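**Student:** Got a structure here, written out as structure tokens. Questions coming.
The values are calculated or read from the model by the stated rules, or taken from the named source; none is laboratory data. Keep in mind it's a predicted model, so treat the numbers as computed, not measured. Using ideal geometry, Cβ is built from the backbone for each residue, glycine included, and neighbour counts are taken over all protein chains shown.
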Amino acid sequence: MLPVIFGGIVVLVVVVVLLSRRAGTTQSLDDRLNELAALGQSVTLEELELSQPFSQRVLIPMMEALSKMAQRFTPQQTIEASRHKLELAGLAHKIKPTQFLAYRMVAAIVLGIASLAIVFVTSFPLFQRILIVAIAVVLGFMLPTVWLGSKISARQASVVKALPDALDLLTICVEAGLGFDAAMSKVAEKWDNDLSLAFARTVQEMQLGKLRREALRNMANSMDVPDVTTFVAAIIQADTLGVSMAKVMRIQSDMMRMKRRQRAEEKARQAPVKMMFPLVFFIFPTILIVLLGPAIIKIKNTGVFNS
């Protein structure tokens, strides 16, 4: 079973990497024909299609067909849930929900084919072969979801880590006389992380005419981080009631600093418990062998055990 899983994961990773690389550099045939025409080169459409890489000619059209099929047979609620998860992971602008469902289908097919290829050369009973193939298909269908969950957790951890420093800079900018929107732009220019990208997107939405409270709520919903939700609620309330934004920002900054210190203390208290299992099962036996090994050898050589 392990070779099936490993081989399927390797093939799946290669396919996804090729598709993701080509997705960001996709260029239509018309654009390429226009470029070649501007350079004075005459190339037929068939030659141009054959000059494209294999992933552009075969893999991406297959994924688009699977995406359309997934959109046709998948409930709208499932598609919306996938869209929300992709937004939480910060991949909504790179991967469409139907494409993600197509990735899941491809993963299930790849692991299923890999398991079939290995099962046919083994001597397992028929029931075990069917069970192995079924487990491989289900595992392949779930692997992209597990990967997406890890991306969501990593993004939320990055946001939580960067939030106190961002609020400090926001507070300084607001107290210096800048408006809240301009202060968010300064934070977006200062760093290049998930939080600064979210700030830049929020500022862009407000510049396009969206209300501040709606843009901030969208930012909080796109992260699903309790600290960001609390910060956004405080800013919206201060904006609605006309409270001084600088005071609210200072309170929020101090609160986030205190929460970060509390999280550090909590992890420090958890360290001894987490270290117990490696100490008991790996370090202590090694120390006992080093300390008692020579003594046991000397006792054995003296013939005490033989007598």
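**Student:** Under 30 Å from E80 (Cα atoms) and in contact with a helix residue (DSSP H, G or I) (Cβ under 9 Å, 6 or more places away or on another chain): which single residue out of A238, A157, A188 fits that description?
**Tutor:** The conditions single out A188.
**Student:** Separate question: Could you please let me know if R269 is touching a helix residue (DSSP H, G or I) at 6+ places or on another chain (Cβ under 7 Å), part of a helix (DSSP H, G or I) and modelled with pLDDT of 85 or more?
**Tutor:** no
**Student:** Determine which member of the set T240, T202, T286, T302 is out of contact with any strand residue (DSSP E or B) (no Cβ under 8 Å at 6 or more places or on another chain), touching a residue at least 12 places away in the same chain (Cβ under 8 Å), surrounded by fewer than 14 Cβ atoms within 10 Å (Cβ to Cβ) and at negative phi.
**Tutor:** Exactly one of T240, T202, T286, T302 is out of contact with any strand residue (DSSP E or B) (no Cβ under 8 Å at 6 or more places or on another chain), touching a residue at least 12 places away in the same chain (Cβ under 8 Å), surrounded by fewer than 14 Cβ atoms within 10 Å (Cβ to Cβ) and at negative phi, namely T240.
**Student:** Can you tell me which residue among M245, M223, M249 is under 23 Å from the mean Cα position of the chain (by Cα) and touching a residue at least 60 places away in the same chain (Cβ under 8 Å)?
**Tutor:** Of the residues listed, the single one that is under 23 Å from the mean Cα position of the chain (by Cα) and touching a residue at least 60 places away in the same chain (Cβ under 8 Å) is M223.
**Student:** Quick one: which of F124, F100 is surrounded by 19 or more Cβ atoms within 10 Å (Cβ to Cβ), more than 15 Å from A198 (Cβ to Cβ) and of a type in the set (F, W, Y)?
**Tutor:** When all the criteria are applied, what remains is F100.
**Student:** State yes or no: is I135 among the β-branched types (V, I, T), closer than 25 Å to T74 by Cβ, outside the structural domain of A198 (by TED's automatic domain parsing) and in contact (Cβ under 8 Å) with a residue 24 or more places away in the chain? Break it down into steps so the answer makes sense when it comes.
**Tutor:** Numbers: among the β-branched types (V, I, T): yes; closer than 25 Å to T74 by Cβ: yes; outside the structural domain of A198 (by TED's automatic domain parsing): yes; in contact (Cβ under 8 Å) with a residue 24 or more places away in the chain: yes.
Judged against the criteria, I135 is a match.
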